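Asks: Below: one structure in structure tokens.
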Amino acid sequence: MIQPADLPDVIPIFPLPGALLLPRARLPLHLFEPRYLAMFEECLKTPHRLIGMVQPNEVPGRPGTGLQQIGCAGRLTQFSETEDGRYMITLTGISRFRVGEDVTGFTPYRRFRIDWNGFDIDMGESELDPGFARRSFMDLLSRYFEHQGLSTDWDTLKDADDELLINSLSMLLNFDPEEKQALLEAPSLQTRRETLVTLLEYALRGGDGQEMIQ
């Protein structure tokens with residue numbers, strides 16, 4: 001397991017719109033572009049095997065970065081190669097970070113200096129949400145799934161612990177990149193759950209602030 005002191009100062013960045021990774025969660029990815037295949041191969045050679053997931057965005061006051069200021073690093077924990085040379089990989093979320101300066105070099109992918117300060121909670125035990133009203137949340141989620149025409153394994157969702165449930169839904173549901181970023185930047189599991197509830201309710205209102213669909 002990676003310790004805070006082992007976190008590197010520079011990591012490769014994979015900017016992928018709408019792809020959200022959270023600490024202690026797993027994100028499957030499909031790599032096929034040559035630059036990201038090169039990133040994967042170099043990642044395997046490092047002791048930490050970390051890749052930073054960041055939403056693309058032109059951040060005000062940070063011209064030329066084209067990235068949100070906060071991302072999440074994932075450790076490469078599983079991969080398989082297809083017959084045509086592509087890779088299916090899994091990243092396990094380690095910690096969020098702040099994006100620093102671009103590190104120039106000869107790699108086809110981008111690398112950045114990283115600031116890990118302020119995200120100590122990410123490297124600890126699973127978070128709890130004492131105020132989580134699961135029954136009303138599941139009712140809201142059921143109405144959202146019906147409204148969106150989605151299906152799921154409800155028994156699995158009901159059995160999931162608070163962090164796994166909230167983080168998995170945050171990662172998997174089809175929110176806009178800006179909404180995904182808000183879920184990522186939530187300082188605690190409770191605030192992430194509150195943000196998630198707001199997004200679900202907003203979708204049920206049709207996204208226009210009108211009365212919630214019953």
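Asks: If each DSSP helix of 4+ residues adds -39,500 (n - 2.57) and the sum is divided by the residues in the chain, what number results at 222 nm, nearest 500 deg cm²/dmol? Mind dumping the intermediate values first?
Replies: Working: 6 runs with 68 residues, N = 214.
After summing the helix terms and dividing by residue count, I get -9500 deg cm²/dmol.
Asks: Just to check I understand the Karplus step: with θ = phi - 60° and J = 6.51 cos²θ - 1.76 cosθ + 1.60, what whole-Hz values come out for segment 178-190, glycine and proline as x?
Replies: Per-residue couplings from phi come out as 5, 6, 4, 5, 4, 5, 5, 7, 4, x, 8, 4, 4 Hz.
Asks: Can I get the semi-axes of segment 116-202's equivalent ellipsoid? Compute them from the C-alpha gyration tensor as square roots of 5 times the eigenvalues, in angstrom, largest first. Numbers along the way, then the final one.
Replies: Working: eigenvalues 98, 48, 25 Å².
Working through the eigenvalues yields semi-axes of 22, 16, 11 Å.
Asks: Among THR107, LEU150, THR191, flag the residue with its Cα farthest along the positive direction of the charge dipole of the chain, charges on Cβ as +1 for Lys/Arg and -1 for Asp/Glu.
Replies: Looking along the dipole axis, the top candidate is THR107.
Asks: Right, here's the next one. Using modelled backbone amide H atoms (1.01 Å from N, in-plane), which distant-in-sequence or interchain residues come within less than 5 Å of VAL103's amide H?
Replies: Long-range HN contacts for VAL103: ARG111, PHE112, ARG113.
Asks: Out of residues 5 or more away from GLN68 or on other chains, whose amide H comes under 5 Å of its own, with H placed 1.01 Å from N in the peptide plane?
Replies: Answer set, sorted by chain and number: GLN55, ASN57.
Asks: Can I ask one more? Can you tell me the dipole magnitude for the chain around its Cα centre, using point charges on the Cβ only (Lys, Arg +1; Asp, Glu -1), in Debye to the nearest 20?
Replies: Details: 21 positive and 33 negative charges, 81 e Å.
For this selection, approximately 400 debye.
Asks: If you don't mind, another one. Would you mind checking which residues have amide H under 5 Å from SER95's amide H? H placed 1.01 Å from N; only 5 or more apart, or other chain.
Replies: Those lying under 5 Å, H to H, from SER95 are ALA73.
Asks: Would you work out the relative contact order for the chain, in percent, from Cα pairs under 8 angstrom that are 6 or more residues apart? Please report the intermediate quantities before stating the final value.
Replies: Details: 344 pairs, mean separation 45.6, N = 214.
Over the chain, the number comes to 21 percent.
Asks: Taking the Cα atoms of the chain, report the difference between the largest and smallest coordinate on each principal axis, in whole Å and largest first.
Replies: Reported extents, whole Å, longest axis first: 56, 43, 32.
Asks: Now for a separate question. Taking GluC sites (Glu not before Pro) as candidate sites, keep only those in a DSSP loop with at most 14 other Cβ atoms within 10 Å, then name the longest stretch of the chain containing none of them.
Replies: Working: sites that count: GLU58, GLU83, GLU125, GLU211.
Here the longest segment lacking exposed loop sites spans 126-210.
Asks: Moving on to the next point. Specify which residue in the list SER170, GLN181, LEU204 is farthest towards the positive end of the charge dipole of segment 134-204, using unit charges on the beta carbon of Lys, Arg (+1) and Asp, Glu (-1), about the Cα centre.
Replies: About the Cα centre, the residue reaching furthest to the positive side is LEU204.
Asks: Shifting gears a bit: What list of whole percents do you get for P(r) of segment 4-123, with Cα-Cα distances grouped in 5 Å bins up to the one holding the largest distance?
Replies: Once binned at 5 Å, the Cα pair distances of segment 4-123 give 2, 11, 22, 26, 21, 11, 5, 1, 0.
Asks: Return one number: the angle in degrees, 0 to 90 and rounded to the nearest 10, between the long axis of the Cα atoms of helix 162-172 and the longest principal axis of the Cα atoms of the chain.
Replies: 70
Asks: Can you give the extra length, in nm with one decimal, that the chain gains between GLU42 and ASP102 once fully stretched, where that is 0.36 nm per residue apart less the Cα-Cα distance?
Replies: Working: separation 60, 0.36 × 60 = 21.60 nm, distance 1.77 nm.
Residue separation times 0.36 nm, minus the Cα-Cα distance, leaves 19.8 nm.
Asks: Using the Karplus curve 6.51 cos²θ - 1.76 cosθ + 1.60 with θ = phi - 60°, work out ³J(HN,Hα) for each residue of segment 2-13 in order, rounded to whole Hz, and write x for Gly and Pro.
Replies: These are the phi-based 3J(HN,Hα) values: 6, 9, x, 5, 8, 5, x, 7, 10, 9, x, 10 Hz.
Every number here is computed from the coordinates shown, using simple stated rules; none is lab data. Here the structure is a predicted model, which is why all the values come from computation and not from measurement. Please note: Cβ atoms are built from the backbone with ideal geometry, for glycine as well, and neighbour counts cover all protein chains shown.
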